[in-house]
Amino acid sequence: MLTVSNLSLQFGKRVLFDDVNLTFSKGNCYGVIGANGAGKSTFLKILSGELDPTKGRIEITPGERMAVLSQNHNAFDENTVLNTVLMGHSHLWRIMQEKDVIYAKADFTDADGMKAAELEADFAEMDGWMAESNAAELLSNLGIKEDLHGLLMKDLNGNQKVRVLLAQAIFGNPDILLLDEPTNDLDIDTIAWLEDFLADFQNIVIVVSHDRHF
Ligand SMILES: Nc1ncnc2c1ncn2[C@@H]1O[C@H](COP(=O)(O)OP(=O)(O)OP(=O)(O)O)[C@@H](O)[C@H]1O
Ligand SMILES: [Mg+2]
């Protein structure tokens, strides 16, 4: 659950939000609508913590994970396409990195063995063995074919990058998913896939879109 309490935001003299109270609960897909410049993107930035409100609080149920469609298309340029998707689940990604470091050690101690066993348990609990194939399947569903999965993000065009970032946000079944205009660079088939995906999504989605049908 995501709760917004007594939220206000002002840019200089302009009041964008004044004492907003809202609760977003599991199993719902919320559409944020409003004219250009009304404050939709700003609202999502406050929810994600990227921007501090002038007043008020945002609270997430402890233990829940929020994922956001990244608006910075070049942030992952030095990473491979597949890894960029995996990085969407930062906890799982960190465990994968730690595992790699430990197994690469020349002097593997008993303590390393214990640490590795702990990491493996967490990894398995997060469905880690399926992570790469799940990420690859998501990418393919979003029109990024397998021959692109090993490339660096900087070698993709803008339209392809957006699709990868969408896969990144969706990856690993987040509890709360924030999407600001996700359909902008998508073709009709991919939009239809995303519609079905969101219709079946069991958690919380908050989406901004200018596409009325979507
Ligand atoms: N950092 C900032 N400082 C001052 N004003 C800002 C800042 N960020 C956004 N604004 C202003 O706040 C208003 C809301 O912007 P925002 O981008 O949230 O609108 P939006 O509803 O997402 O619009 P669009 O439909 O065009 O995407 C706009 O008038 C914008 O110029
Ligand atoms: Mg916007």
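The values are calculated or read from the model by the stated rules, or taken from the named source; none is laboratory data. Predicted model only: the values in this text are computed from it and were never measured. Positions of Cβ are backbone-derived with ideal geometry, glycine not excepted, and every protein chain shown enters the neighbour counts. When the accessible area is computed, the model is the full protein with side chains, heavy atoms only, and any ligands, DNA or RNA have been set aside. Shrake-Rupley method; radii C 1.70, N 1.55, O 1.52, S 1.80 Å.
Using the Cα coordinates of region 1-44, the gyration tensor eigenvalues translate into equivalent-ellipsoid semi-axes of 21, 14, 6 Å, sorted from longest to shortest. Among the trypsin sites (Lys or Arg not before Pro) in region 1-74, those located in a DSSP loop and surrounded by at most 14 other Cβ atoms within 10 Å of their own Cβ are Lys13, Lys26.
Give the dimensionless ratio obtained when the Cα radius of gyration of region 59-98 is divided by 2.2 N^0.38 Å.
Compactness ratio reported: 1.34.
Projecting the Cα atoms of Leu142, Pro182, Ser8 onto the dipole axis of the chain, where Lys and Arg carry +1 and Asp and Glu carry -1 at the beta carbon, places Ser8 farthest toward the positive end. Between region 172-201 and region 68-87, the C-alpha centres lie 17 angstrom from each other.
Expressed as a whole percent, the accessible area of the chain that falls on carbon and sulfur atoms is 50 (1.4 Å probe). Using a probe of 1.4 angstrom and keeping all protein chains present, the accessible surface of the chain works out to 55 square angstrom per residue. How far, in degrees from 0 to 90, does helix 128-141 lean away from the longest principal axis of the Cα atoms of the chain, to the nearest 10? Tilt relative to the chain: about 50 degrees. In plain terms, if you count all Cα to Cα distances in the chain and split them into 10 Å steps from zero, the share in each step is 8, 29, 32, 21, 8, 2, 0 percent.
Mean separation of Cα pairs under 8 Å and 6+ residues apart, divided by the residue count of region 136-185: what relative contact order is that in percent? List each step's numbers first, then the result.
Working: 23 pairs, mean separation 18.6, N = 50.
Normalised by residue count, the contact order of region 136-185 is 37 percent.
Here region 1-16 and region 105-123 have alpha carbon centers that stand 46 Å from each other.
Roughly what percent of Cα-Cα pairs across region 88-214 reach past 22 Å? Mind dumping the intermediate values first?
Numbers: 3694 of 8001 pairs.
The answer is 46 percent, as a whole percent.
Beyond 20 Å, what share of the Cα-Cα pairs of region 34-126 is found? Please give it as a whole percent. That tail contains 58 percent of the Cα-Cα pairs. Once the Cα atoms are used to define both axes, helix 158-170 deviates from the longest principal axis of the chain by about 80 degrees. Report, to the nearest 10°, how far helix 188-200 tilts away from the longest principal axis of the Cα atoms in the chain, using its own Cα long axis and a range of 0 to 90°. That works out to roughly 90 degrees. Annotated for region 11-127: lysine pairs at least 8 residues apart or interchain, Cα distance under 22 Å, count 9.
When you count, for each residue, the other Cβ atoms within 10 Å and take the mean per peptide, how do 117-124, 79-86 rank with the highest first?
79-86, 117-124
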